[in-house]
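Trainee: Mind having a look at this structure? Questions to follow.
The values are calculated or read from the model by the stated rules, or taken from the named source; none is laboratory data. The model shown is predicted, which means the values in this text are computed figures rather than measured ones. Every residue, glycine as well, gets a Cβ built from its backbone with ideal geometry; the counts of neighbours run over all protein chains shown. Only protein heavy atoms, including side chains, enter the accessible area calculation; ligands, DNA and RNA are left aside. Shrake-Rupley method; radii C 1.70, N 1.55, O 1.52, S 1.80 Å.
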Amino acid sequence: MSQHTKHGCDHIFFIGFLGAGKSTLARNVGTMFKRRFIDTDRLVVRRCGKSVTEIFETEGEDRFRELETSALRSLQSERSLLVSCGGGIVETPVNIELMHEMGTCVYLEGDFEDSIRQIRRSDTRPDFRSPEHAARLFDHRRPLYRQAADLTLDIRNKSFEDVSYLCAEMLLERGLL
């Protein structure tokens, strides 16, 4: 595990591609251990009053990334959160630095096909313009996730329940829960 300076935070950030199950995992582990869980995309939406898709369409991806960074910074005063991150959070290097300063990044590593199966409504996912575009994005982001990860959890061929238990076990073994 990489060493980073923590600033009083002990958050666990779940990173990975669209449909990897980051929100489900944060919710499941939060329920198991009575820890608060949040979703960075929902935090941006709540603060902005627009959906992620609306922000992308009206203000652009760069503006969304700024709002995402601001949402992350707002977590610096919190403790012990389980944070489901938007799939593109690793596109902004400062976001990776912030997550490392505040806690541990867990990469949910799966196959592109698994992600596509999990995406129920592609119209709510601005990054998902077409399967071909999503595949290129997956290939582009995979090394960014790997580089940002303190821990990696292989989610291939596992149910959400199995992933939740494996993640909890991994975090407990490392004293992070």
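Trainee: For the stretch 123-162, enumerate the residues that are modelled with pLDDT under 95, open to solvent by less than 50 Å² (accessible area, probe 1.4 Å) and part of a helix (DSSP H, G or I).
Mentor: 133, 134, 135, 137, 138
Trainee: What number goes with the only condition from (1) modelled with pLDDT of 95 or more; (2) surrounded by fewer than 12 Cβ atoms within 10 Å (Cβ to Cβ); (3) within 19 Å of residue 52 (Cβ to Cβ) that residue 120 does not pass?
Mentor: All conditions are met except number (1).
Trainee: What about residue 79, is it assigned to a helix (DSSP H, G or I) and of a type in the set (Lys, Arg)?
Mentor: Numbers: assigned to a helix (DSSP H, G or I): no; of a type in the set (Lys, Arg): yes.
No.
Trainee: Between a residue in the stretch 16-39 that is of a type in the set (Ser, Thr, Tyr) and any residue that is crowded, with 24+ Cβ neighbours inside 10 Å, which pairs come within a Cβ distance under 7 Å, given they are 6 or more apart or on different chains?
Mentor: 23/84
Trainee: Moving on to the next point. Check residue 19 against each of (1) open to solvent by 10 Å² or more (accessible area, probe 1.4 Å); (2) within 20 Å of residue 138 (Cα to Cα); (3) in contact with a Leu (Cβ under 6 Å, 6 or more places away or on another chain) and name the one condition it does not meet.
Mentor: So the condition that residue 19 fails would be (3).
Trainee: A further question follows. Please go through the stretch 65-103 and give me each residue that is surrounded by fewer than 21 Cβ atoms within 10 Å (Cβ to Cβ), touching a residue at least 60 places away in the same chain (Cβ under 8 Å) and not charged (D, E, K, R), ordered by number.
Mentor: 75, 76, 80, 81, 100
Trainee: Report, by residue number, each residue of the stretch 15-43 that is of a type in the set (A, V, I, L, M) and touching a Ser or Thr at 6+ places or on another chain (Cβ under 8 Å). Step through it out loud before you land on a result.
Mentor: The first filter runs over the stretch 15-43 and keeps only residues of a type in the set (A, V, I, L, M), leaving 15, 18, 20, 25-26, 29, 32, 38, 43.
Scanning the stretch 15-43 gives 18, 20, 25, 26, 29, 32, 38, 43.
Trainee: Considering only residues of the stretch 31-64 that are assigned to a helix (DSSP H, G or I) and crowded, with 19+ Cβ neighbours inside 10 Å, which is nearest to the chain's Cα centre (by Cα)?
Mentor: From the stretch 31-64, those assigned to a helix (DSSP H, G or I) are 31-33, 40-48, 52-59, 61-64; that's our starting set.
Going one step further and asking which of them are crowded, with 19+ Cβ neighbours inside 10 Å, we end up with 40-41, 43-44, 52, 55, 64.
On the way: 40: 8, 41: 9, 43: 12, 44: 13, 52: 15, 55: 19, 64: 15 Å.
Within the stretch 31-64, the match that is nearest to the chain's Cα centre (by Cα) is 40.
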